[in-house]
Structures are given as structure tokens and as C-alpha cells.
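Novice: Starting off with a structure, shown below.
The values are calculated or read from the model by the stated rules, or taken from the named source; none is laboratory data. Bear in mind the structure is a predicted one, so any value in this text is a computation, not a measurement. Cβ sites come from the backbone with ideal geometry, for glycine too, and all protein chains shown count toward neighbours. Protein only, heavy atoms only, side chains kept; ligands, DNA and RNA dropped before computing areas. Shrake-Rupley method; radii C 1.70, N 1.55, O 1.52, S 1.80 Å.
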Amino acid sequence: MDDAPEVAVLRLGHRPGRDDRMTTHVALTARALGATRVILPDDASDAVDTARSVTERFGGPFAVEQDDSWRARLREWDGIVVHLTMYGEPVQTVGTEVREAGRTAPVLVVIGAEKVPFDVYEAADWNVAVTNQPHSEVASLAVFLDRLYQGQELDCEWADAERRVVPRATGKRVVEAGENERHADGDG
Ligand code: SAM
């Protein structure tokens, strides 16, 4: 993506069992919508495995890390920190400012699971709301990334993909890497 901010997503909190699907969807949404990295809690191993497996099959670049020391991450982050929260400033008000700042510094996007400690609000350069209504970390992450990248992430190229979905009006078509090349050469 031209001139696009480099984004890592930090997922705070994970309740094994209850949050497994949500944490997995955080990672998959981060990957699909242009972030280059997700940092998940130590006890989110199922989500880590799924996100790595999807990246292996459908391409990258996308890194999946596990780390519980989120306070150190926030303190040591050499870039800007955006915390997504219903209590923040509307994305439609501060989005342009964040995008400008993200042109020269990597962006750490922080999202919660349950109650987020107050020091996160203080550590953030921006507390950003996607509406001031309660909803979901996956929805807020998706809308925020789309605003940040201004839709460019929808046309991402994927490197080292083993398989690729061919868009169709009906049905499903997936091509494997070798098959893909034959099609590109016109002899498939
Ligand atoms: N009750 C929790 C609290 O007080 O922090 C919020 C739980 S919510 C299900 C989980 C996460 O979704 C939040 O930490 C936040 O990152 C995100 N979220 C929910 N609604 C949001 C909104 N309107 N705008 C931005 N992020 C939101």
C-alpha cells in the first residue's frame, strides 16, 4: 500500500474458552485488513495457531506474537499508540490526524476484551471511538483500519500464498499456487 502506516495490533486480555473465537477474529481481521503484526496474550494459543495457519495458507506478510507484558510494550513502543474505546474521540474527527502521524511512525492499535485498565487510556496518543456505542473489538478494529488505509487495504497483494480465492458471483473457486501460475501463463 502506498504511503500507508505500518500497524501492529495489541490485544489486551483474553478469557480462555469465552474469548477464543473473538481473539482469533481479532488476529484474522488485523491480517486481512492490512496490519503487519498482532500481539496476543500468552494464554491465547489457539488463536495464535489459527492465525499462523491462515497466514501460511493464504499469504502474508503477517507476524503473530504472544506476549503478556503489554505495559512494557506500550512504554517501549517507538511510534504512536491508538486505543480503540467507545469512550474516545470519534474516528471521523481524529482519523485524519492519526493517519498523518502514521505516515512517519508505526502505529500500535490497542483493543480490549473486558474492562481496560485506566493507564491504557493515559498511555495512548489517541483514544478513538468507532461510534460512542458499546460493540465489539473486531468491528471497531475493522472500521478503524479501513479508515486509516482509506480502503487501499482491500486491494492488498499477498506474498507466498499457497492458495488464493478467485472471486465469483456464485460458488467457490480456490487455486493452489502452482495452478495459479499455469493460469497466469495462459495454459491452465
Ligand atoms: N466493557 C469493556 C470496557 O469497559 O472497557 C468493553 C468491552 S468491549 C466488548 C471490548 C473492546 O471492544 C473494548 O476494549 C474496545 O477496544 C472495543 N470497543 C467496543 N466498543 C467500541 C467502540 N464503540 N469504539 C471503539 N472500540 C470499541
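Novice: For the full complex of protein chains and a 1.4 angstrom probe, list LEU28, LEU108 by accessible area with the highest value first.
Specialist: LEU28, LEU108
Novice: Now for a different question. Please check which bits of the stretch 24-44 a label hung off CYS156 would reach, taking the label as a point 7 Å along Cα-to-C-beta and the cut-off as backbone N under 19 Å.
Specialist: Once the point is set 7 Å along Cα→Cβ of CYS156, 24-41 turn out to lie under 19 Å by backbone N, inside the stretch 24-44.
Novice: Provide the per residue accessible area, probe 1.4 Å, for the stretch 69-118, rounded to a whole number of square angstrom.
Specialist: On a per-residue basis, the stretch 69-118 sits at 54 Å².
Novice: Work from the charge dipole of the chain (Cβ charges, +1 for Lys and Arg, -1 for Asp and Glu, about the Cα centre) and give the residue of VAL138, LEU74, GLY95 farthest towards its positive end.
Specialist: Looking along the dipole axis, the top candidate is VAL138.
Novice: Heavy atoms of the protein only, probe of 1.4 Å, neighbouring chains included. What is the accessible area of ASP49 in Å², nearest 10?
Specialist: Here the accessible area works out near 90 Å².
Novice: Calculate the all-directions average of the projected area of the chain's alpha-carbon convex hull, and give it in nm².
Specialist: Computing the convex hull of the Cα atoms and averaging its projections yields 11.9 nm².
Novice: Which sequence of ARG15, ARG99 reflects their accessible areas, 1.4 Å probe, from the largest down?
Specialist: So, going from the largest accessible area down, we get ARG15, ARG99.
Novice: Then there is this: Return the whole-Å distance between the Cα centroid of the stretch 1-42 and the Cα centroid of the stretch 98-143.
Specialist: 12 Å
Novice: Now, a different point. How would PHE62, PHE118 line up by accessible area, probe 1.4 Å, largest first?
Specialist: PHE118, PHE62
Novice: Report ASP146's accessible area, 1.4 Å probe, all protein chains in place, as a number in Å² to the nearest 10.
Specialist: Probe radius 1.4 Å; accessible area of ASP146 about 60 Å².
Novice: Can you give the accessible area of GLU122, probe radius 1.4 Å, in Å² rounded to 10?
Specialist: Result for GLU122: roughly 130 Å² accessible.
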